[in-house]
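Before any comments, here is the structure.
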Amino acid sequence: MKIFKMSGENPDMDLIGEAIEIMANGGIILYPTDTVYGLGANIFNNDAVKKIYEIKKRDSSKPLSVLVQDTSSLELIADLNKDSRAIVNKWLPGPFTFILNKKKVVSPYVSASTKVGVRIPDYKIARLLASLFPITTTSANLTNECTLSNPQDILKQIGNDIDLVIDVGDLGDAKPSTVIDLSSSKPTLVRNGFDSNDMDSLKEDLEKLV
């Protein structure tokens, strides 16, 4: 296992490239986002995706969310209508996961349903890691265990079956993203997560779609 110490504001592009190469070859990384540390794998590598489930001891029937670099990349894996596109374009990047109707390119190993959760974090490192292909984004913790905020504690919980760690230090109050389902005509707030100052405004936007 490699551990890269890195600045969240000024990431080392050579190290980012090495992390991408590791995922391209089926490896698993631990990386920071704008909410919590996540486990990343190339979503097009089914063996790597299955390893994420094994590391987390997660039921394979529960989907993993996908992280993409930008909204153009998002439309390669999910279907958006006029309303959902407007919401996504306004609120991403940010600490939100939007559930959308997935395209066939998304493997059932990632999501066995017709839907997929998509993130574009407001965090440069995370977006850079998805510059060549979408990656998994799921909190780096064992299922039903607490979400921790620094790599040292995370590795003690989940073990060392990780190929590379990007360590930017402690992320502080570790809370997962807020999850909003935009897959139907009636948007639904699925999970209150990261405390965004803009939540009231977002809820107003969602209410307009009902």
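Annotations
- Answer residue from segment 68-120, given it is basic (Lys, Arg) and assigned to a helix (DSSP H, G or I) and is most open to solvent (accessible area, probe 1.4 Å) among those: Lys82
- Within segment 19-41, the residues that satisfy the criterion of being open to solvent by 20 Å² or more (accessible area, probe 1.4 Å) and modelled with pLDDT of 95 or more are Glu21, Ile22, Ala24, Asn25, Gly26.
- Test: residue in segment 162-170 that is crowded, with 17+ Cβ neighbours inside 10 Å and within 22 Å of Asp59 (Cβ to Cβ): yes
- Sole exception among (1) under 22 Å from Thr71 (Cα atoms); (2) open to solvent by less than 60 Å² (accessible area, probe 1.4 Å); (3) in a loop (DSSP other than H, G, I, E, B) for Leu148, by number: (1)
- Glu9 being farther than 21 Å from Gly94 by Cα and open to solvent by 20 Å² or more (accessible area, probe 1.4 Å): no
- Of all residues in segment 162-210, those that are out of contact with any Gly (no Cβ under 9 Å at 6 or more places or on another chain), of a type in the set (D, E, K, R) and either modelled with pLDDT under 80 or farther than 28 Å from Ile77 by Cα (or both) total 10.
- Looking across segment 122-145, just one residue is open to solvent by 20 Å² or more (accessible area, probe 1.4 Å), more than 16 Å from Ser72 (Cβ to Cβ) and either of a type in the set (Lys, Arg) or part of a helix (DSSP H, G or I) (or both), and that is Lys124.
- The residues of segment 35-51 that are under 11 Å from Thr136 (Cα atoms) and either of a type in the set (A, V, I, L, M, F, W, C) or under 9 Å from the mean Cα position of the chain (by Cα) (or both), listed by number, are Gly38, Leu39, Gly40, Ala41, Ile43, Phe44, Ala48, Val49.
The values are calculated or read from the model by the stated rules, or taken from the named source; none is laboratory data. Here the structure is a predicted model, which means the values were calculated and not measured. Cβ coordinates were reconstructed from backbone atoms using ideal geometry, including for glycine residues, and neighbour counts include every protein chain displayed. Surface accessibility is based on the protein's heavy atoms, side chains included, excluding ligands, DNA and RNA. Shrake-Rupley method; radii C 1.70, N 1.55, O 1.52, S 1.80 Å.
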